[in-house]
Amino acid sequence: MLSPSAQKLLKQRYFKPYEEWHDLVSRNINAIYGKEYNQEKNEMGQLIYDRVFLPSSPCLVNAGYNNGLFPCFTVGPEEDTLENGFQTLAEIAQVAKKGGGCGFTGSILRAKNSPVAGSAHGYAYGPNHFAEMVSYAMDAITQSGFRKMALMYTLSAEHPDIEDFIHLKQSGVEAECYNFNQSVFAKDNFIEKALIDPVSKEGKLFTLLCKHAWNNGEPGLLFETTINEDTPYKYTDQYMLTTNPCLT
């Protein structure tokens, strides 16, 4: 039996018109396995019906409607250009349109107010303003009509704008950038220096990070060295600068 709270949540976010729990399960299992009967499909359907495990939220909502079934992605920017930044924003919007969450990074972008050649504006907006722009744009998009988008924003501990990043969500207004988590992407040498020498630049930044994390949980800390040493992506010469929201 589903609790009243579960029933209420399902009606608010997951059920299509006139659906009950068994209808949602059938819609999902038919979308994954097809409509023909087979033993594995029957067993998996029973496991979902009994809530031994559940598909992701996008799958629960979108199955059978030609929309996205996968929950988590990562994007760029991969280049420090205006064009690539807005291409990244467009890619995040496409993920939102299909109901997924998305990680992105500012580490590749030059510091705020750095000179920009060939631009009438003349100066870079910086990674943190880019993150605020993403937050504002994604606030306008409700995923498949059932929730706001989940985002993860990371910045390298070595980036010139890292202190502003650490302060980014400390305004006291929880509505600002509410739709993304943020994490410092720190290598082992940053952590080691911070712990050995608390009055060093690394030590002061680490103290500030801990203070703010205690205050409201932001920012988090991701261990860049460990992530890139333990990932199978290293065997294809890929280097990770962010994570999706589901892995943090």
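Here, each number is a calculation from the coordinates, and none is a lab measurement. Predicted model, so just to flag it, every value in this text is computed and none were measured. We place every Cβ from the backbone using ideal geometry, glycine too, and count neighbours over all the protein chains shown.
Here is the list for the stretch 20-107: GluC sites (Glu not before Pro) lying in DSSP coil, each with at most 15 other C-beta atoms within 10 angstrom of its C-beta, are Glu20, Glu36, Glu78, Glu79.
Fewest-first ordering of Trp21, Trp214 by other beta carbons within 10 Å of each residue's beta carbon gives Trp214, Trp21.
Shape call for the stretch 114-248 from the C-alpha gyration tensor, a ≥ b ≥ c root eigenvalues: rounded (a/c under 1.5), prolate (a/b greater than b/c) or oblate? Since a/c stays below 1.5, the shape of the stretch 114-248 is classed as rounded. Across the chain, the fraction of Cα-Cα pairs farther apart than 31 Å, rounded to a whole number, is 37%.
Binning the C-alpha pair distances of the stretch 51-149 at 10 Å intervals from 0 yields a P(r) profile of 15, 40, 26, 14, 5, 1 %, listed from the shortest bin outward. The label point for His167 and the one for Gln238, both projected 7 Å from the Cα toward the Cβ, are 3.6 nm apart. The ranking of Asp80, Asp50 by Cβ neighbour count inside 10 Å, starting from the fewest, reads Asp50, Asp80. Taking every C-alpha pair closer than 8 Å and separated by at least 6 residues, the mean separation divided by the residue count of the stretch 4-62 gives a relative contact order of 39 percent. By the count of neighbouring beta-carbon atoms within 10 Å, fewest first, Phe185, Phe206 end up ordered Phe206, Phe185. The aspartates and glutamates whose alpha-carbon is closer than 20 Å to the alpha-carbon of Lys98, local same-chain residues fewer than 8 away aside, are Asp139.
Taking 4.7 Å between C-beta atoms as the pairing limit, the chain has these partnerless cysteines: Cys59, Cys102, Cys177, Cys210. The eigenvalues of the Cα gyration tensor, multiplied by 5 and square-rooted, give the stretch 4-62 an equivalent ellipsoid with semi-axes of 20, 12, 10 Å from largest to smallest.
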